[in-house]
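The values are calculated or read from the model by the stated rules, or taken from the named source; none is laboratory data. Keep in mind the model is a prediction, meaning the values are calculated, not measured. Cβ placement follows ideal geometry from the backbone for every residue including glycine, while neighbour counts extend to all protein chains displayed.
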Amino acid sequence: MSLVTTKEMFEKSMKEHFAIGAFNINNMEIMQAIVDAAKEEKSPVILQASSSAIKYARVNYLMKMLEAAVEETDVPIAIHLDHGPDFETCKMCIDAGFTSVMIDGSKYDFEENIAITKKVVDYAHERGVVVEAELGKLAGIEDDVNVSESDAMYTDPDQAKEFVERTGCDSLAIAIGTSHGAYKFKGEAKLRFDILEKIKEKLPNTPIVLHGASTVIPELVETCNKYGGNIPGAKGVPDEMLHEASVRGVSKINVDTDLRLAMTAEIRKVFAENPEAFDPRKYLTPARDKITEVVRHKMRDVFGSNNKA
Ligand code: G3H
Ligand code: 13P
Ligand code: ZN
């Protein structure tokens, strides 16, 4: 199967009420782990690289590895730029063969966000590439926002409609209470499903994207801490809420932190239990297997994308 854009997988997700996982890649082991999971679950999958991941792994290496992944897989795979910071980075990825890019203009005001998004959409669409944009702000608990500020951070449903109409973007990332990283909530986890519902009412045919959607899997945090890590109080979005989001109109769910935790937990464990080990395969093999296990669980038990390839 060749690389695909997200167009058809999103159409299917909206029709059949499930979500597609978008998993961040940084190296060969992570890519293999995710693709193996997709193969085993017969699930469509989005592999996404941030600009810092591209800087780390190098775009040529990523694309060549992807070619191998696609060659030995028969599920739809899209390659997506995560949080494209500017037009130039989006252009570089489109020219390198990415099938989807995100232009993250959420740091700009509404009009500037529209202008930069439209510029990327025009370039991408001429080349058959799709574009994700973002409206609203994903504040983490460490960002120190007060209540009235936090209300202003959520995506406004009327603005969302105007934004999509004026930019022609293919999918929209929204802010309904998630945030990036391992510290998402101080108390109980809470997502604004009421806002999601209003956005879906205004934009029934636009695929919606949820960033900052790692569960911050408690067992992984525990293993990290048990074997020398120090990440107390880490907390993410529970599986039940992510499942609800996928049923209620979210088409793409972004996961990076859980993969980082899975890899780190396994490597810490091997190092602690085998201080004599120094062959990288000895710790990268269980790390890769753990990522596959985590991704399979999400596809099958949370997002419902299994058997949808
Ligand atoms: O949302 C951000 C992703 O987790 C990527 O993070 O820029 O450190 O690669 P990164
Ligand atoms: P997490 O930090 O919750 O994994 O979010 C990842 C993300 O949104 C990538 O764009
Ligand atoms: Zn994100």
Checklist line | From Gly304, Gly249, Gly229, residue being away from ligand 3 (no atom under 16 Å from the Cβ) and without any contact (Cβ under 8 Å) to a residue 40 or more places away in the chain | finding: Gly229
Next item on the list: List the helices (runs of 4 or more DSSP H) that sit entirely inside segment 1-115 and contain at least 2 residues that are within 18 Å of Arg288 (Cα to Cα).
Entry: 28-41, 51-57, 59-71
Checklist line | From Tyr123, Tyr56, residue being within 16 Å of ligand 2 (Cβ to nearest atom) and aromatic (Phe, Trp, Tyr) | finding: Tyr56
Margin query: Pairs please, first residue from segment 66-87 and over 21 Å from Ser305 (Cα atoms), second anywhere and among the charged types (D, E, K, R) and within 16 Å of ligand 1 (Cβ to nearest atom), Cβ atoms under 7 Å, 6+ apart in sequence or on different chains.
Written below: His83/Asp104; Gly84/Asp104; Pro85/Asp104
Margin query: Test of understanding: among Gly105, Gly84, Gly140, which residue is at pLDDT below 95 and either away from ligand 2 (no atom under 16 Å from the Cβ) or under 25 Å from Tyr154 (Cα atoms) (or both)?
Written below: Gly140
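Within segment 92-132, take every residue that is among the small types (Gly, Ala, Ser) and touching a residue at least 24 places away in the same chain (Cβ under 8 Å) and give me the one that is surrounded by the fewest Cβ atoms within 10 Å (Cβ to Cβ).
Within segment 92-132, the match that is surrounded by the fewest Cβ atoms within 10 Å (Cβ to Cβ) is Gly128.
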Note to self: Among the residues that make up segment 292-300, is at least one of them surrounded by fewer than 19 Cβ atoms within 10 Å (Cβ to Cβ) and either free of Cβ contacts under 8 Å to residues at least 60 places away in the same chain or out of contact with any Asp or Glu (no Cβ under 7 Å at 6 or more places or on another chain) (or both)?
What the structure shows: yes
Note to self: So the check is Cβ under 6 Å with 6+ separation or different chains; which pairs have a first residue in segment 169-193 that's within 19 Å of Thr257 (Cβ to Cβ) and a second one that's among the basic types (Lys, Arg) and within 16 Å of ligand 3 (Cβ to nearest atom)?
What the structure shows: Ala175/Lys137
Margin query: Looking at the structure I just gave you, is Thr257 among the polar types (S, T, N, Q) and within 16 Å of ligand 3 (Cβ to nearest atom)?
Written below: yes
